[in-house]
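Reading through the structure tokens given below for one structure.
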């Protein structure tokens, strides 16, 4: 199953979630109504049945309506609390945003691994949180879309994992990002909060009754049914909890095995993932102490809460089942390590891969026929090697620039200056920006590194600016836009840089997006604009440009849509076009990516500016392209 099919399947899971949610609401509303009727009966109040059956009594109607309102309010409240996406959830769980300039060795290693995975997968570098209060081993990824994802790990994971184990777990979490799991996971948190809201009210009523000076027996003798109602609503809350966990298990369980398979495919190292699972199995577990552990139990790397009726309600396959999927010998090795745990070192490295391991790596499907869209959302061994080698070639001073807000700001300015043939001092003066020696030195360093490093540096720098206040980010975007236009020549790279910066830093960043277009005909004008830009960017002569456009783009466009003149291909129109194309149905994005790559490769070579534009297009459409897709 490719990236776009995973995206479409995620949309179907959303529909399944809605269906389960409706059924759970019916069950909770019916239970709450029965509880009210029972409470009234115990209090000596008999609901009137004049004119018909007791079900037609107004008390029944109002109880059902009030229960439904409580559930909806609980959903809306949690949705509002999570409006900032993954950042809100990480902070709710006590996560601390890791300073990208941290000197902590374990945190530095984690950031390096995340940067490698980001470059290899084509995803902007996520913000990374550590849950300092959690000594057990766990992690999760969350967010409404890949460009705004966050990753959080427990302190226990940082303290125990080797680099290979950490890389495998990050591969697992990146799989959830690529397969659109993170969006439905956040929606599920909000939905289930509503189902549990009735039980929370029951706890409040029971607590209020306990604080009163009357004993339960005297309350009963006076006909006070408040304690009974509180207990009944708590029971109903557990009914809601049962349905909530059932929903999680129905939607989440198989995705964990898929994420494990993807992690092994990304790293080609089953031992790393096996070592991480063995640590959890033998060395401290994965349960979280946070009171919100129940809310996010379906999105963690391993179970975050103890679970009864595991065969029915567990959100994760058992650890032994996951180890068995990696190879037949891993469970036996885990048991051996458990017996030897008294003598084993706490930081024992992951064991070597067993001989004859079947593993996910061996079962990874091969791409039979090259199509660019088949590489979207994938990470191959060559991509990981490329990412590691690229990061090693970056001077420490350049990498450090991306780890602070001011350094990231200077980095992005320097990238514009390094790609311009205009006098940099004049450009800075035109934009009323400081022309410091540090900025000029950084500009020279970036020019020497070459264009291959530009996109990775952008992806590494932008996360450092996300923590700035909205007004400061808006000011920075205005300055960046002015600097890009200061030399009167707006290049494709500058468009790429501005598009990615706006996606991650403007006021709409972090908000959820919804599919609006289910036909390519609905965005024909936008496709015409995008494909025309790609034709002219390839340098095709006027005599061949129209034929090239018809050959590659004609099948996706309605009759009558022809190549736009270069004068009609403005940067602002391209911004607007790509923004609307981002709301296409997932299965329609694949042909768009294929056509864009075919147009760029029409002359048999891929220019640096074209490669940057294509990868930016993938990121803006939430269809991450790996860095080496054009070389396969």
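The values are calculated or read from the model by the stated rules, or taken from the named source; none is laboratory data. Fair warning: this is a prediction, and the values are worked out from it, not measured in the lab. We place every Cβ from the backbone using ideal geometry, glycine too, and count neighbours over all the protein chains shown.
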State the number of residues belonging to the stretch 505-556 that are closer than 24 Å to residue 186 by Cα, without any contact (Cβ under 8 Å) to a residue 60 or more places away in the chain and touching a helix residue (DSSP H, G or I) at 6+ places or on another chain (Cβ under 7 Å).
-> 3
If we scan the stretch 562-573, do we find a residue that is under 29 Å from the mean Cα position of the chain (by Cα), within 27 Å of residue 477 (Cβ to Cβ) and surrounded by 19 or more Cβ atoms within 10 Å (Cβ to Cβ)?
-> no
Considering each residue of the stretch 92-116, count those that are without any contact (Cβ under 8 Å) to a residue 24 or more places away in the chain and more than 17 Å from residue 404 (Cα to Cα), and give that number.
-> 1
Given the conditions (1) free of Cβ contacts under 8 Å to residues at least 40 places away in the same chain; (2) surrounded by fewer than 17 Cβ atoms within 10 Å (Cβ to Cβ), which single one is not true for residue 587?
-> (1)
For the stretch 507-518, indicate whether the set of residues that are assigned by TED's automatic domain parsing to the domain that holds residue 612, buried (at least 21 other Cβ atoms within 10 Å of the Cβ) and touching a strand residue (DSSP E or B) at 6+ places or on another chain (Cβ under 9 Å) is non-empty.
-> no
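Could you tell me whether the stretch 98-116 includes any residue that is within 16 Å of the chain's Cα centre (by Cα), outside the structural domain of residue 405 (by TED's automatic domain parsing) and within 22 Å of residue 288 (Cα to Cα)? Explain how you work it out, then say what you get.
Going residue by residue through the stretch 98-116, those that are within 16 Å of the chain's Cα centre (by Cα) are 114-115.
From what's left, outside the structural domain of residue 405 (by TED's automatic domain parsing): 114-115.
Subsequent filtering for residues that are within 22 Å of residue 288 (Cα to Cα) retains none.
Looking through the stretch 98-116, none of the residues is within 16 Å of the chain's Cα centre (by Cα), outside the structural domain of residue 405 (by TED's automatic domain parsing) and within 22 Å of residue 288 (Cα to Cα).
From 435, 383, which residue is part of a helix (DSSP H, G or I), in contact with a helix residue (DSSP H, G or I) (Cβ under 6 Å, 6 or more places away or on another chain) and modelled with pLDDT of 70 or more? Step through it out loud before you land on a result.
On the way: 435 fails: part of a helix (DSSP H, G or I).
Testing whether each residue is part of a helix (DSSP H, G or I), in contact with a helix residue (DSSP H, G or I) (Cβ under 6 Å, 6 or more places away or on another chain) and modelled with pLDDT of 70 or more leaves just 383.
Working carefully through the options 230, 237, 225, find the one that is under 19 Å from residue 307 (Cβ atoms) and modelled with pLDDT under 80. Write out each step before concluding.
On the way: 230 fails: under 19 Å from residue 307 (Cβ atoms); 225 fails: under 19 Å from residue 307 (Cβ atoms).
None of the others qualify; the one that does is 237.
Let's see how each residue does on (1) within 32 Å of the chain's Cα centre (by Cα); (2) at negative phi; (3) outside any loop (DSSP other than H, G, I, E, B); (4) at pLDDT 85 or above:
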| site | (1), (2), (3), (4) |
| --- | --- |
| 338 | no, yes, yes, no |
| 353 | yes, yes, no, no |
| 378 | yes, yes, no, no |
| 387 | yes, yes, yes, yes |
| 400 | yes, yes, yes, yes |
| 412 | yes, yes, yes, yes |
| 422 | no, yes, no, no |
| 426 | no, yes, yes, yes |
From the option list 559, 547, 540, single residue qualifying as in a helix (DSSP H, G or I), surrounded by fewer than 21 Cβ atoms within 10 Å (Cβ to Cβ) and not assigned by TED's automatic domain parsing to the domain that holds residue 488 is 547
